[in-house]
């Protein structure tokens, strides 16, 4: 962000409905529309809607392009049908589709009735694609060429197409039935001899993605190839759309936020600016689930009340064994979840991953067991306690490695998100495991513990 | 990835040093270099080095462009100086610099001595930028125009520059001292009337980034503006480089992985394919730290040994209070860490964030406290136990909200990564807090607990 805008002054101008002065500021500061939208988002949705109503649809359209999803949704309900329709007309097809998906049915009908037949069908098709599919992210405004064009005519074509297309840097070549037959970058096109034919210079091995493909896989592929854009084809291999780099920025970002949130047992709808009641509502179900699993831990303890009664050091040391298991389990979990997200775990290597995590858990357990065993011995001068600490820690870290890698792999196999609730299960397993193993051993060797 | 390659057959050809056949396969399959590199990476570093030595530097250069960082480092040490030098000559300046940073001093000298004076200085400058700065990511191969060019000559210029430049889609206009005076996209350039001057059609308000700017901020800005590339200027506002979209794919991805790893107490150097001994070595320090903090929990328990001895239900219920605190704390932590990473928390709103998290913790604590209180009552038929459970849970979830948001804010203030080790501190605080509050209350009300 380049310049500072005085938001109080803007608020004042909005209050006074002095929109001429407002637009003068915008033009004088020569702000990027993304920045102007960023500042305007500080206004209340009511004021923002008023601003759009009174300054005209071209301002409305870029605000819609750049404000956050939540704000967009709020303004939508406040705008008049006429303004909304005029804004819709200025948007790209994919943004149009996103917007139409958000309004109620009556408004949908109204907006759709204002569009041309061909565009209406286009939009209806776009909104039919499932969430997170390539189809739901693609734009339908891409530059096209025919393979019998010369470079000369192709450049003229692109010049004519450019104003209306979202991306003219990656250009696709199609046959008469819209089948993808070639690809050429604008860079290569401008370097090519004017008289050569597109079919001579195009790249015939075009890498494309299916319209139903998960957008996260598309993002991975575009990152793999360093692609600025990726063509989308339907089930008959016909070109239907284009995914561009800016979508991929958002997808990589969103995917990472989601995994991080799910690992922390947060709902992905929450943001830092969610109001308190919403945060409470979204977090409570996870806490409740954790409370129920926590009761398992409590229930485990009840079996050993007598032992604890007789040798209270058991109650002192057991949290350390449980805590470390939870930490080690979450380490395995994070490595596996991330590797699954970026496609580094395949059907071929998932047994190897599982085996490795268990082995790492075992080795770490031996080391940490040694440390806690020594501390336990120095503290209580009890070699039996030292021994059962060592064994419990090693065993619990094996459980950590096993559960931390198995749960995300299992969730993936069930076609669920590998991070979904997994940390609760892992922590429960290592808590129950830690308490059970340590207190069981404590009970078995209770006489020795008391005697030494 | 488009086609399957039989890696066993490739291994066989490498064993037989049949590189002609190998390259024939590559060309016949018409693979994207990124895919070919992906398959070749399955070979051992020794075999890969052999392949590069015998097939020539052009293969070596794209392999260097596309294989993972770890593999690159391993092959580097296996290549002959001549091959290495020939590969270096084919790389982009930023890839050159990355490579030179990795080799030993003697090899550095040798490679640098093979370059032209101007290029040598360029490379030396590039490797001088600190890690994670815009300077360390930028390319120095960008397209340039002068403002007095006409569109006609500009297009001719770009045509000439294109073969050597990494990006010709965003073009920058500079004055005679390399000061950035304008920007024009190739799309706008090809649409413009042939006779108009660049200065008439260029965008004069160019958004640029400083060479020392943190690359994560650059990524955020490029995502904000939907930029395909971002110009980099030095302290005197002179254009020195360009960050492109493919760097940003990697930066957004890397940043997210780092935060996720740090939240799980993993070293960011670890990957799913790290060998066991390396994973063990990288995870042990975190586990050791957690063990030490776990001893704090154990130490807390020792103060209450007598109470536990007399009323063992305390030992049964205390893990639930601690566990839930840990979960709630990690929820706050994840929200705040992510919001800090994407710049949604500013100096103005961080008190508000802290206040909100504490309040959310309090409300969730009241709810969860109610549930655990009811369960405790039904289990032990003890209304005093129910009461102290309720209070402890509410208090511990307030601690969770406070610590979960305060620690990352504090780490950021200390200019450390907000996720660094924070989950250990949060879990320790909620464990010690949970044990201390619940067991203290249990001790204070011990007579009532025993009496009812």
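The values are calculated or read from the model by the stated rules, or taken from the named source; none is laboratory data. Keep in mind the model is a prediction, meaning the values are calculated, not measured. Here the Cβ is made from the backbone with ideal geometry for all residues, glycine too, and neighbour counts use every protein chain on show.
Quick look at the numbers
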item	result
From the options A:347, A:314, residue that is modelled with pLDDT under 90 and either surrounded by fewer than 19 Cβ atoms within 10 Å (Cβ to Cβ) or more than 7 Å from chain B (Cβ to nearest Cβ) (or both)	A:347
Options A:222, A:230, A:202: the member that is within 11 Å of another protein chain (Cβ to nearest Cβ) and either at pLDDT 90 or above or closer than 27 Å to residue B:340 by Cα (or both)	A:222
Residue in the stretch A:246-267 that is over 17 Å from the mean Cα position of the chain (by Cα) and over 24 Å from residue B:34 (Cβ atoms) present	no
Subset of the stretch A:356-366 (residues that are surrounded by 19 or more Cβ atoms within 10 Å (Cβ to Cβ) and facing chain B (nearest Cβ under 8 Å))	A:356, A:360, A:363, A:364
Which listed residue, of A:419, A:394, is buried (at least 21 other Cβ atoms within 10 Å of the Cβ) and farther than 19 Å from residue B:288 by Cα	A:419
Test for residue A:401: is it modelled with pLDDT under 95 and either more than 12 Å from chain B (Cβ to nearest Cβ) or not in a loop (DSSP other than H, G, I, E, B) (or both)	no
Selection within the stretch A:317-344 - outside any helix (DSSP H, G or I) and either surrounded by 24 or more Cβ atoms within 10 Å (Cβ to Cβ) or more than 7 Å from every other protein chain (Cβ to nearest Cβ) (or both)	A:342, A:343
Top-ranked residue in the stretch B:285-304 [being surrounded by fewer than 16 Cβ atoms within 10 Å (Cβ to Cβ) and free of Cβ contacts under 8 Å to residues at least 24 places away in the same chain; ranked as farthest from the other protein chains (Cβ to nearest Cβ)]	B:285
Residues being more than 11 Å from every other protein chain (Cβ to nearest Cβ) and over 12 Å from residue A:441 (Cβ atoms) - total across the stretch A:375-385	5
Boolean, residue A:39 is more than 20 Å from residue A:115 (Cβ to Cβ) and within 14 Å of chain B (Cβ to nearest Cβ)	yes
Helices (runs of 4 or more DSSP H) wholly inside the stretch A:46-159 that include at least 1 residues being crowded, with 16+ Cβ neighbours inside 10 Å, touching a strand residue (DSSP E or B) at 6+ places or on another chain (Cβ under 9 Å) and modelled with pLDDT under 80	A:93-102
Top-ranked residue of the stretch B:258-281 - restricted to ones that are part of a helix (DSSP H, G or I) and at the interface with chain A (Cβ under 9 Å from one of its Cβ atoms), ranked as surrounded by the fewest Cβ atoms within 10 Å (Cβ to Cβ)	B:277
Considering residues of the stretch A:377-386 that are touching a helix residue (DSSP H, G or I) at 6+ places or on another chain (Cβ under 7 Å) and assigned to a helix (DSSP H, G or I) only, the residue surrounded by the most Cβ atoms within 10 Å (Cβ to Cβ)	A:385
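Yes or no, residue by residue, for (1) more than 35 Å from the chain's Cα centre (by Cα); (2) without any contact (Cβ under 8 Å) to a residue 60 or more places away in the chain; (3) over 26 Å from residue B:28 (Cα atoms):
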| position | (1), (2), (3) |
| --- | --- |
| A:143 | no, yes, yes |
| A:170 | no, no, no |
| A:195 | yes, yes, yes |
| A:200 | yes, yes, no |
| A:205 | no, yes, no |
| A:216 | no, no, yes |
